[in-house]
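Here, each number is a calculation from the coordinates, and none is a lab measurement. Everything quoted here is computed from the prediction, not taken from an experiment. In this analysis, Cβ positions are derived from the backbone assuming ideal geometry, glycine residues included, and neighbour counts consider all displayed protein chains.
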Amino acid sequence: MAKYKMHVLVCGGTGCKASQSAQIVENLKAVLTENGLQDEVQVITTGCFGFCEKGPIVKMMPDNTFYTQVKPEDARTIVEEHIIKGRKVTNLLYTDPENNEHVSDSKHMGFYKKQIRIALRNCGFIDPENIDESISRGGYEALGKCLSEMKPEDVIQEIKLSGLRGRGGGGFPTGLKWEIASKNHADQKYVVCNADEGDPGAFMDRSIMEGDPHSIIEAMAICGYAIGATKGLVYIRAEYPLAIDRLQIAIKQAREYGLLGQDIMGSGFDFDIELRYGAGAFVCGEETALIHSMEGKRGEPTFKPPFPAVSGYLGKPTNVNNVETFANIPVIITKGADWFNKIGTEKSKGTKVFALAGQINNVGLIEVPMGITLREVIYEIGGGIKDGKEFKAVQTGGPSGGCLTKKHLDTPIDYDNLIAAGSMMGSGGMVVMDETSCMVSIAKFYLEFTCEESCGKCTPCRIGNKRLCEMLTKISKGNGTMEDLYELRNLAAVIKDTALCGLGQTSPNPVLSTLDNFWDEYVEHVVDKKCRAGVCKSLMSYEIDQTKCVGCTACARNCPVGAIKGEKKMPHTIDPAVCIKCGACIERCKFGAISIK
Amino acid sequence: MATIKLSESKIKTIKDICKSFDNKSGEVINVLHQVQGAFGYLPAEVQEVVAMELNMPVAQVYGIVSFYSFFTMQPKGEHPISICLGTACYVRGAEKVLDEFKRQLNINVGETTKDGKFSLNCLRCVGACGLAPVVMVGDKVYGRLTPDNVKDIIAEYNS
């Protein structure tokens, strides 16, 4: 990176790419060339910066100026003002919502202040398609250290000491997993990276693979060395074309540099990585299902034991870790377990990446130390609830997790506390909801997902979840009884106890946690036939306040089914028999005359 | 086995793909990915050829095609529309956008319009939650949508 005087980093993550970040890069390059600066200033497309809400993001180095919501036509201003004249483009700077002041360095933004970036250390700093940039930031140093200074058992010991636990959801201690795999002797063992991120609303693994693919390759090689495996497989979703591309490029470059293949760094250790594609099945995140899918079968889980560490891919000992878990490994090796285990809480060490989404001001990817509270995440990093509405719940752990509410705002987030609160860490989706979310509908939403994704092998999951979903539908249509609510809880408990795999055992969690935390809301649906959030269509009717309506006809013109009638300049009425409750009228009415009853 | 009605050139494409994976039955998922990439979908006849080439029962191939949501036996429209129903998009009103697409195109999820122009599907999270709710038409991502935008998006592809 030395020969250039300045670098312009442009986010090439999925969100920013969708907002034309590729065009920004083109334009920047064109304007630079126009000014004869193409050899002085380098434009680099990086992985995700995390602050997706304010994308596309452009960062100027070395002065760390952080431009937000950049449009392709801003490229000229950035070059002419910032690069040539040395003046910051103030209207592209982030504005602190607290005091309306411009902030130019990301370090001073509320969104970044409380973050500690370990797994995401290189995302947004390097060109993921260039191995030299990864190496310049310490890439492959840990692998070198392992191969030259450490015995396999030392590596395992270091990981054990670090206290790292699996980041895919379960939270199993990683060092222990490696140790078990290392003790099983076989002619061939496998290292598998689980990159089948199927949790709706979560995109951590994708961002790591897109932003820093070399850290995964390095960590898999370290794991191979530690457990005595020479083959690595990445099981990746076919829906992630960009991540697949970048991993393929990274693997090719690593081979060219002798960091994969035969006799790595002259140590006599062989290791190579292949990709295997998923085809859209949530259950394949479960390790035994994932292994079957890699073998070219239906991704159905099998009973454990035997664990994959004993009999996994093609019947050989296999160690499966998630992308984020792997991304932590090189740092633990270079900085040491003692450095790592000082971060976090007693039983959950290090950091966790969350995909913060939903009704929150700062949507994005964050990495925070374990033990941070929900309040800090939502109000300090997330910038509070959108449109000043009231916080209602936050859903963690995706379809296997549950909802946390106001009373959990000050609970430190770690594996054990989340489970005690009826949710789980999961892979790291964190969806924030405000008063406009109906908790019965949210539970139903997740159950519909589980029903679709259940592999059908065991009865509790295949049929039990279907029944749960039917009961929730009945309640949301206003036909539920109190008995249904008790039955809901009963059946959920049975599924939890009897399902075969992790998917089934956790699938009732969204129902149980909403029942626990929002019992009143369920009762309202059943007894009062009301949905306070105004989501369950069967429980509401639209009405026009005859005193407020001025007869502007805006609602009638926009009603897709012609349910609204009335003379011009005369109050209108809605025919409830025709109305499909789409809400188009309420959005159009400038006089606040339409309300949901 | 039923007579296969595919053209010679199509059969050759499938055979070549199978061959590139050494006709190993363990590679069936990768084979199906490439075959779907070539034809857009996996009708029964195609599955029969794949099964024959990889020396495995057709039922097993069908079992895989029907298990994974990425594989489809229905041809997609010229402009496949995918609505993200991930949680982030859901809480920001993706369902309303979906309803509007259904209404305007007069088709249900999983169907294709009569003129073959549009097909409608749901997907779970494209990872652009910052832009929620998100819709993809082909490879293009549309973000921060409201039901109002639907008309314009369809018009863009109808001209």
Exercise. Could I have the simple spin-label model distance between A:Glu101 and A:Lys466, label points 7 Å from Cα toward Cβ, reported in nm to one decimal?
Key: 6.1
Quiz item: Tell me, what HN-Hα J-couplings in whole Hz come from the Karplus equation 6.51 cos²θ - 1.76 cosθ + 1.60 at θ = phi - 60° for each residue of region B:131-147, using x for Gly and Pro?
Solution: 9, 4, x, 10, 10, 10, 10, x, 9, 8, 9, 10, x, 6, 8, 10, x
Self-check item: Span from the region B:1-55 Cα centroid across to the region A:176-254 one, whole angstrom
Solution: 29
Quiz item: If each of B:Lys151 and A:Glu141 carries a label point 7 Å out from its Cα toward its Cβ, how far apart are those two points in nm?
Solution: 5.9
Exercise. Give the long-range amide H neighbours of A:Gly358: residues separated by 5 or more places, or on another chain, with amide H under 5 Å away, using H modelled in the peptide plane at 1.01 Å from N.
Key: A:Val432
Quiz item: If you take the beta carbon distance between B:Lys19 and A:Glu80 as r and set R0 to 45 Å, what does 1/(1 + (r/R0)^6) give as a FRET efficiency, to the nearest 0.05?
Solution: 0.20
Quiz item: In chain B, what percentage of the DSSP-assigned beta bridges are antiparallel, given to the nearest 5?
Solution: 55
Quiz item: Is there a pair in A:Lys477/B:Lys96; A:Lys151/A:Lys304; A:Lys444/A:Lys530 whose C-alpha atoms are over 23 Å apart, and which pairs would that be?
Solution: A:Lys151/A:Lys304
Exercise. Evaluate the distance, in nm, between pseudo-label points positioned 7 Å from the Cα of A:Glu380 and of A:Asp270 along their respective Cα→Cβ axes.
Key: 5.1
Practice problem: Please give the calculated 222 nm ellipticity per residue for the protein assembly as shown, where each DSSP H segment of at least 4 residues contributes -39500 (n - 2.57) and the sum is spread over every residue; nearest 500 deg cm²/dmol? | Solution: -10500 deg cm²/dmol
Self-check item: Cα-based equivalent ellipsoid of region A:133-340: semi-axis lengths in Å, sorted from largest, via gyration tensor
Solution: 24, 20, 16
Quiz item: Tell me, what is the FRET efficiency for A:Glu435 and A:Asp263 to the nearest 0.05, using R0 = 45 angstrom and their Cβ-Cβ distance as r?
Solution: 0.15
Exercise. Subtracting the Cα-Cα distance from 0.36 nm times the residue separation, let me have the gained length for A:Ile116 to A:Gln188 in nm, one decimal.
Key: 22.2 nm
Practice problem: Enter the mean number of other protein chain beta carbons within 10 Å of the beta carbon of each residue in A:355-366, as an integer. | Solution: 4
Quiz item: Among the listed pairs A:Lys581/B:Lys151; A:Lys183/A:Lys352; A:Lys548/A:Lys581; A:Lys88/A:Lys389; A:Lys406/A:Lys590, which are separated by more than 22 Å between their Cα atoms?
Solution: A:Lys183/A:Lys352; A:Lys88/A:Lys389; A:Lys406/A:Lys590
Quiz item: How do the peptides A:203-209, A:345-351, A:42-48 rank, highest first, by the average count of neighbouring beta carbon atoms within 10 Å per residue?
Solution: A:203-209, A:42-48, A:345-351
Quiz item: Which pairs in the list A:Lys3/A:Lys160; A:Lys177/B:Lys76; A:Lys569/A:Lys597 are over 32 Å apart, alpha-carbon to alpha-carbon?
Solution: A:Lys3/A:Lys160; A:Lys177/B:Lys76
Quiz item: How long is the gain from A:Thr302 to A:Asp410 if the chain were fully straight, where each residue apart is worth 0.36 nm and the alpha carbon distance is subtracted?
Solution: 35.0 nm
Quiz prompt | Per-peptide average of other Cβ atoms within 10 Å, ordering A:294-302, B:126-134, A:148-156 highest first | solution = B:126-134, A:294-302, A:148-156
Quiz item: In whole Å, what are the Cα extents of chain B along the three principal axes, biggest one first?
Solution: 51, 31, 22
Practice problem: Give the dimensionless ratio obtained when the Cα radius of gyration of the protein assembly as shown is divided by 2.2 N^0.38 Å. | Solution: 0.98
Self-check item: Fraction of antiparallel bridges per DSSP, chain A only, in percent to nearest 5
Solution: 55
Quiz item: In peptide A:293-303, what is the residue-averaged number of other protein chain Cβ atoms found within 10 Å of each Cβ?
Solution: 4
Self-check item: All aspartates and glutamates inside 15 Å of B:Lys15 as judged from Cα atoms, apart from same-chain residues fewer than 8 positions distant
Solution: B:Glu27, B:Glu45, B:Glu48, B:Glu53
Self-check item: Exercise: per-residue mean of other protein chain Cβ atoms within 10 Å, A:429-435
Solution: 3
Quiz item: Is any residue of region B:133-159 close enough, with backbone N under 13 Å, to a label point placed 7 angstrom from the Cα of A:Gln23 along the Cα-Cβ axis, and if so, which?
Solution: B:141-143
Quiz item: For the pair B:Ser9 and B:Asn55, what calculated FRET efficiency results from E = 1/(1 + (r/R0)^6), where r is the Cβ-Cβ distance and R0 = 30 Å, to the nearest 0.05?
Solution: 0.85
Exercise. Could you rank the peptides A:91-100, A:447-456, A:264-273 by their average count of other C-beta atoms within 10 Å per residue, with the highest value first?
Key: A:447-456, A:264-273, A:91-100
Quiz prompt | Long-range HN-HN contacts of A:Gly429 with modeled amide H, under 5 Å | solution = A:Ala355, A:Gly397, A:Gly398
Quiz prompt | region A:39-120: trypsin sites (Lys or Arg not before Pro) falling in loop per DSSP and having at most 11 other Cβ within 10 Å | solution = A:Arg87
Practice problem: Please work out the Cα center distance from region A:342-356 to region A:364-417, rounded to the nearest Å. | Solution: 14
